[in-house]
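The values are calculated or read from the model by the stated rules, or taken from the named source; none is laboratory data. Please read all numbers here as calculations on a predicted model, not as lab measurements. Reconstructed Cβ throughout: ideal geometry from the backbone, glycine too, with neighbour counts over all protein chains shown. Keep in mind that these areas ignore ligands, DNA and RNA; they rest on the heavy atoms of the full protein, side chains included. Shrake-Rupley method; radii C 1.70, N 1.55, O 1.52, S 1.80 Å.
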Amino acid sequence: PIDMIRLNTCSPEMLAYLWFLIENGVNMLIAGGVSTGKTSMLNGISFFIPPEAKIVSIEDTRELNLPHENWIPGAARSGFTGSGVGEVTMYELLRESFRQNPDYLIVGEIRGKEAYVMFQAMASGHPSISTVHAGGVDDLIKRLQTKPINLSTGLIESLDLVIVMIHAREKGKSSRRVKEIVEIEGIDVNSGTPIINKSFVWLPSDDSFEYRANSWLLSKLSTQKGIPMDSIIREISRRKKFLVWLY
């Protein structure tokens, strides 16, 4: 996470906010185009998972590297012959991961029917984090509702937060930026469009990040867990100070 502050991929305030949400079991997707830094972001924010938590990760190719002792990494593999003998798909790995009863589920990337299993996990109370190819929140919701993923509106409502990544080429050769952090309040049943609240946005003019205040997710957590809102704000600012000190 400190490297992400150094490279200005995101601000310390954003990371402190994500840290608080991850600790409180919020479901997230990191969306973006090709080579926008989605997996690096996934790896970076996974550091905020409490050290004693049990994590099950599932990937096509092993890219994640976590310091947690109780981390079970899984990787899909293709069959040994053309017949598909010995093939282990992400869908099968995800289905089996339920039996391991993880505190957190991390999926490298969702593309097909494994998304259904992951959203079932979200709905049944397993906090899940994953990445997906999509340009923005509207694209993402459309992608989840159409083939091959085909999720129902009810399942998509389990998603709480979307981090949208962008490759800002005009800011230097390796400049990935968090374009926006979007909270999903719900999905309109008639039109299928998401009801959203942008909590953070990137301002390209001066390459800075702006907090839009009135976070819907923080208010929801405040009500659910009985923590006063000012205590939450204080805690996030304390974590921000700590991240800035580390940096």
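Count, please, the residues in the stretch 56-100 that happen to be in a loop (DSSP other than H, G, I, E, B) and modelled with pLDDT under 90.
If we filter the stretch 56-100 for residues that are in a loop (DSSP other than H, G, I, E, B), which is where we start, we get 60-70, 76, 78-87, 89.
Next, only the ones that are modelled with pLDDT under 90 stay: 78-86.
So the count comes out to 9.
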Quick count over the stretch 135-150, residues being in contact with a strand residue (DSSP E or B) (Cβ under 8 Å, 6 or more places away or on another chain), farther than 11 Å from V164 by Cβ and open to solvent by 60 Å² or more (accessible area, probe 1.4 Å), is 1
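Among the residues of the stretch 171-223, how many are hydroxyl-bearing (S, T, Y), closer than 18 Å to F20 by Cβ and assigned to a strand (DSSP E or B)?
Step one: filter the stretch 171-223 for residues hydroxyl-bearing (S, T, Y), giving 174-175, 191, 193, 199, 205, 208, 211, 215, 219, 222-223.
Retained after the next criterion (residues that are closer than 18 Å to F20 by Cβ): 199, 211, 215, 219, 222-223.
With the extra rule that they be assigned to a strand (DSSP E or B), the set shrinks to 199, 211.
Qualifying residue count for the region: 2.
Quick grid of which residues meet (1) among the aliphatic types (A, V, I, L, M); (2) under 26 Å from V34 (Cβ atoms); (3) surrounded by 18 or more Cβ atoms within 10 Å (Cβ to Cβ):
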site: S152; (1), (2), (3): no, no, no
site: I163; (1), (2), (3): yes, yes, yes
site: S174; (1), (2), (3): no, yes, no
site: K179; (1), (2), (3): no, yes, yes
site: R212; (1), (2), (3): no, no, no
site: L243; (1), (2), (3): yes, no, yes
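Table: residues versus (1) under 30 Å from F209 (Cα atoms); (2) more than 20 Å from the chain's Cα centre (by Cα).
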position: I72; (1), (2): no, no
position: E87; (1), (2): no, yes
position: L93; (1), (2): no, no
position: M122; (1), (2): yes, no
position: G135; (1), (2): yes, no
position: R143; (1), (2): yes, no
position: K173; (1), (2): yes, yes
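Out of the residues in the stretch 216-239 that are of a type in the set (V, I, T) and open to solvent by less than 30 Å² (accessible area, probe 1.4 Å), which is farthest from I181 (Cα to Cα)? Explain how you work it out, then say what you get.
Pass one, the stretch 216-239, residues of a type in the set (V, I, T): 223, 227, 232-233, 236.
Retained after the next criterion (residues that are open to solvent by less than 30 Å² (accessible area, probe 1.4 Å)): 232, 236.
On the way: I232: 18, I236: 16 Å.
Ranking the qualifying residues of the stretch 216-239, first place goes to I232.
I'd like the residue in the stretch 24-40 that is more than 15 Å from H126 (Cβ to Cβ) and not aliphatic (A, V, I, L, M) and, out of all such residues, is most open to solvent (accessible area, probe 1.4 Å).
Of the residues in the stretch 24-40, the ones more than 15 Å from H126 (Cβ to Cβ) are 30-40.
Cutting the leftovers down to not aliphatic (A, V, I, L, M) gives us 32-33, 35-40.
Working: G32: 0, G33: 32, S35: 61, T36: 9, G37: 21, K38: 18, T39: 45, S40: 81 Å².
Out of the qualifying residues, it is S40.
Taking the condition within 24 Å of I58 (Cα to Cα) and in contact (Cβ under 8 Å) with a residue 40 or more places away in the chain, does D207 pass? Spell out how you get there, then give the answer.
Details: within 24 Å of I58 (Cα to Cα): no; in contact (Cβ under 8 Å) with a residue 40 or more places away in the chain: yes.
No.
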